[in-house]
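Any read-out appearing in this document is the output of simple, stated calculations on the displayed coordinates, not a laboratory observation. Given the structure is predicted, the values throughout are model-derived calculations rather than measurements. With ideal geometry, Cβ positions are generated from the backbone for all residues, glycine too; neighbour counts draw on all protein chains shown.
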Amino acid sequence: MLPVDLPDAVRDALLAPLVDHHCHGVRRDDLSRAQFELLIGESRTPAPPGTTHFDTPLGAAIRRWCAPVLGLEPHVAPAVYLGRRQELGAGEVNRRLLQASGVVAFLVDTGLEAPDLLSAAEMGRHGGAAADEIVRLEQVEQDIADSAAVAVDYMDSLGEELVARAARAVGLKSIIAYRCGLDFDPSRPSRGSVIAAANRRLSDPRERLVDPILLRHLLWTAVDVARDRALPIQFHTGYGDADLDMSRADPAQMTGFIRALQPLGIPVVLLHCYPFHRQAAYLASVFPHVYVDVGLTLTHTAAGSARILDELLELVPFHKQLFSSDCYGLAEGCHLGAVYFRLGMAGALGRRVESGEWSAADAARVAHMAGSGNARRVYRL
């Protein structure tokens with residue numbers, strides 16, 4: 001899979017076990033073609049009549065790299081691939097693809113937990129790896145909103161529940177980019193404004209939280225917990241599904257908040273980032289507590305991900321880059337994230353070694369840091 005002229009030290013570092021620092025559960029049940037295709041793209045809608053989601057970079061990548069793991073030739077037709085998936089069954093497919101990724105630890109965002117998704121522990125068992133939880137803040141808030149009677153109960157219970165959940169986790173995650181954008185007021189909201197907003201929230205708690213005051217309160221409550229427990233906070237930025245307003249997902253727009261957290265020493269992890277990966281690299285280069293990955297981007301850009309990884313390496317400090325697959329629903333996403341991380345890094349590092357810019361030892365060290373070492377340090381694994 002890796003270039004034949006890659007120095008042995010670099011090859012060994014890239015083929016070493018990875019830490020997938022941000023992923024989700026994959027489906028435990030057998031999927032129809034329609035169900036499978038809905039999980040290929042971020043649109044979450046069927047392809048137009050007469051077309052297929054297999055005609056995407058990700059669809060082609062599945063047929064190229066996942067087919068051999070299931071015992072097929074590369075580039076088989078979609079119907080043949082899906083038929084083999086049905087023949088093997090979801091359990092065997094998940095085991096093969098998760099283990100083929102070479103991931104030694106999964107850090108699982110449990111905010112999308114559902115009966116048809118593997119739990120964090122099951123991801124570990126199927127993948128033959130360790131597994132830990134990343135707590136999604138907005139899911140905790142929804143649980144509290146559903147049960148709180150008055151605003152004061154809401155505020156107290158939110159802090160208590162975050163403390164309890166954080167005790168079993170290795171990190172926290174915010175999707176404020178989806179709810180109100182990253183251009184939010186970075187200041188901590190006043191108690192009075194939170195009480196007023198909480199009263200409005202509790203009048204219709206089943207609605208999705210979009211109130212910027214309560215989202216900021218949730219975030220700052222999480223900051224207090226993260227500081228006390230020395231946990232990082234992940235932020236979705238850049239590429240995502242159709243619920244996202246991309247113009248408000250540029251991580252540079254949360255510079256004020258990042259600056260406010262610097263004295264607290266809380267690691268801020270910017271997820272996915274594309275097409276703002278250069279802005280993310282800048283933030284990581286000027287703020288000591290900021291880290292980046294291009295997770296979800298790897299699978300959805302597929303063969304194009306090598307260029308994106310190379311651009312990230314233009315500026316990002318090497319001790320600030322992490323690997324993730326952001327797989328959700330399909331174990332194919334985990335395997336492909338690992339494949340394209342290794343391929344993209346091999347190209348970027350190999351060119352630097354060939355030009356004499358780096359030594360092979362330098363390139364191997366960078367590969368190790370990005371693949372697992374940085375995540376082990378940031379999440380204290």
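Roughly how many nanometres apart are two label points built 7 Å out from the Cα toward the Cβ at residue 196 and residue 119?
Reported label-point gap for residue 196 and residue 119 is 4.3 nm.
Taking the alpha-carbon set of the chain, what are its Rg and Dmax in Å?
My reading of the Cα-based Rg and Dmax gives 20.8, 65 Å.
For q values of 0.15, 0.20, 0.21 Å⁻¹, compute log₁₀ I(q)/I(0) with the Debye formula on a Cα-only model of segment 231-366, without solvent.
-0.73, -1.19, -1.27
Pairwise over distinct Cα atoms, reciprocal of the mean inverse distance: report the Kirkwood radius of segment 39-183 in Å, one decimal place. Please report the intermediate quantities before stating the final value.
Numbers: mean 1/r = 0.0549 Å⁻¹.
The answer is 18.2 Å.
Work out, in µm²/s and without decimals, the Stokes-Einstein translational diffusion coefficient of segment 274-344 at 25 °C, 0.890 mPa s, Rh from Kirkwood over C-alpha pairs. Intermediate results must be reported in sequence, preceding the final value.
Details: Rh = 12.1 Å.
The estimated diffusion coefficient comes to 203 µm²/s.
If the convex hull of the alpha-carbon atoms of segment 31-88 is projected onto planes in all directions, what is the mean projected area in square nanometres? Don't jump to the answer; show the numbers that get you there.
Working: hull surface 15.0 nm².
Over every viewing direction, the Cα hull of segment 31-88 projects on average to 3.8 nm².
So how much slack lies between residue 15 and residue 259, counting 0.36 nm per residue of separation and subtracting their Cα-Cα distance, in nm?
84.2 nm
For segment 315-329, what does the Karplus curve 6.51 cos²θ - 1.76 cosθ + 1.60, with θ = phi - 60°, yield as ³J(HN,Hα) per residue in whole Hz, taken in order and with x for Gly and Pro?
Rounded to whole hertz, the list is 9, 5, x, 5, 7, 10, 9, 10, 10, 8, 9, 6, 4, 8, x.
Around residue 234, which amide H atoms from residues at least 5 apart in sequence, or from another chain, sit under 5 Å from its own amide H, with H modelled in the peptide plane?
Answer set, sorted by chain and number: 172, 173, 174, 269.
Report the extension gain between residue 28 and residue 285 in nm, rounded to one decimal, defined as 0.36 nm multiplied by the number of residues separating them, less their alpha carbon distance.
In short, 88.5 nm is gained.
Would you mind calculating the gained length between residue 167 and residue 188 on full extension (0.36 nm times residue separation, minus the Cα-Cα distance), in nm to one decimal?
Taking residue 167 through residue 188 to full extension adds about 5.2 nm, to one decimal.
Describe numerically, in nm with one decimal, the distance between label points set 7 Å from Cα along Cα→Cβ at residue 357 and at residue 243.
Calculated label separation equals 3.9 nm.
Run the simple label-point estimate for residue 204 and residue 35 please: 7 Å along Cα→C-beta, distance reported in nm.
Once both label points are built, they end up 3.3 nm from each other.
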